[in-house]
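The values are calculated or read from the model by the stated rules, or taken from the named source; none is laboratory data. It should be emphasised that the depicted structure is a prediction, and the values quoted were computed from it without experimental measurement. All Cβ positions, even for glycine, are placed from backbone atoms using ideal geometry, and neighbour counts span all protein chains on display. Keep in mind that these areas ignore ligands, DNA and RNA; they rest on the heavy atoms of the full protein, side chains included. Shrake-Rupley method; radii C 1.70, N 1.55, O 1.52, S 1.80 Å.
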Amino acid sequence: ISVASNAPGGVYECQDWALIDGVPMVDEAGAIIYETKTILVPENYVTGGGHVTQGKGKDKIDILTHGGNAGYLSDGSLVGHWNFNLEAFKDLGFIYDVNIRVQTTEITGLQFLDTGLDPAPPYADADTAEMTADARVRVGNEAWLEDCTLFAVFVDGGEPQEDAIEIDVDCPSAGWGLYGFSVTGGNIQIHDGTKD
């Protein structure tokens, strides 16, 4: 079992089963026996940052300030860190009118996809990165909420097109979450190769 030679970096899983005389192999209960295979392609990393704003002149407001990187080392391990500072929620229709800061504490998953955009420059065999991370969150000047989970999607639309970010944050122990926060702007770069 293998992935295509040009598959973007990430973790690929599939299930296989055996046929005996055209009939699937089953266990004692009659259920088909599946074997799960995981294939790691340790390639690609994503970097980015910048200020995402809305409006112009005196009506211009900051919506998001962010920066970070995430990617694979050649041994398949994940490294990186990302900071998000979300602002101006009241103007976007959210219930919060205070800053929300999100900091990753460990990158736990990273998948690269080719959705057909041209991320160049630089050239890369993927244009989208989906990242899962352990994180902590601070709303205004309140105490940090620990043990949160962040899911972020970074889209590299190439230059001079606008890039995009979407994030979901879940802090179940605190009963707090932020879902579907999506903006265009800033600068996202997806790179070929590992980070070492």
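Enter the accessible area per residue of the range 1-142 (Å², integer; probe 1.4 Å; all protein chains in place). All intermediate terms of the calculation are to be shown ahead of the outcome.
Numbers: 8050 Å² over 142 residues.
Heavy-atom SASA per residue in the range 1-142 reads 57 Å².
Positive end of the charge dipole of the chain (Lys, Arg +1 and Asp, Glu -1 on Cβ, about the Cα centre): tell me which of ASN6, GLN103, ASN44 has its Cα farthest that way.
Positive-end residue among those listed: GLN103.
Rg (Å, one decimal) plus Dmax (Å, integer) for the alpha carbons of the range 1-92?
Over the range 1-92's Cα set, Rg and Dmax evaluate to 23.2, 75 Å.
Go through 26-35, 42-51, 98-107 and give me the packing order, highest mean Cβ count within 10 Å leading.
42-51, 98-107, 26-35
How do the peptides 135-141, 113-119, 19-25 rank, highest first, by the average count of neighbouring beta carbon atoms within 10 Å per residue?
Packing proxy ranking, top to bottom: 135-141, 113-119, 19-25.
Dipole of the chain, Cα-centred, from +1 at each Lys and Arg C-beta and -1 at each Asp and Glu C-beta, to the nearest 20 debye?
Computed charge dipole of the chain: roughly 840 debye.
Among all cysteines in the chain, which have no other cysteine Cβ under 4.7 Å from their own Cβ?
CYS14
What figure, in Å² to the nearest 10, do you get for the accessible area of SER77 with a 1.4 Å probe and non-protein molecules left out?
40 Å²
Rank TRP176, TRP17, TRP82, TRP144 by accessible area, highest first, at a 1.4 Å probe radius? All intermediate terms of the calculation are to be shown ahead of the outcome.
Values: TRP176 30, TRP17 135, TRP82 0, TRP144 65 Å².
Of TRP176, TRP17, TRP82, TRP144, the descending order of accessible area is TRP17, TRP144, TRP176, TRP82.
Please give the net charge around PRO42, taking every other residue with its beta carbon less than 11 angstrom from that of PRO42, where Lys and Arg add +1 and Asp and Glu add -1.
Details: positive: LYS195; negative: GLU43, ASP75, ASP196.
Taking every Cβ under 11 Å from that of PRO42, the sum is -2.
Report the net charge of residues surrounding ASP134, where surrounding means a beta-carbon distance below 13 angstrom and charges are Lys +1, Arg +1, Asp -1, Glu -1.
Charge balance in the 13 Å sphere: -3.
Divide, for the range 1-156, the radius of gyration over alpha carbons by 2.2 N^0.38 Å, where N is the residue count.
Compared with the compact-globule rule of thumb, the range 1-156 sits at 1.40.
If you rank TYR179, TYR12, TYR123, TYR72 by how much accessible surface each has, with a 1.4 Å probe, what is the order from largest down?
On the way: TYR179 130, TYR12 60, TYR123 160, TYR72 5 Å².
Most to least solvent-accessible, the answer reads TYR123, TYR179, TYR12, TYR72.
For the chain, with all protein chains present and a 1.4 Å probe, just round the carbon and sulfur fraction of the accessible area to a whole percent.
Carbon plus sulfur share of accessible area: 50 percent.
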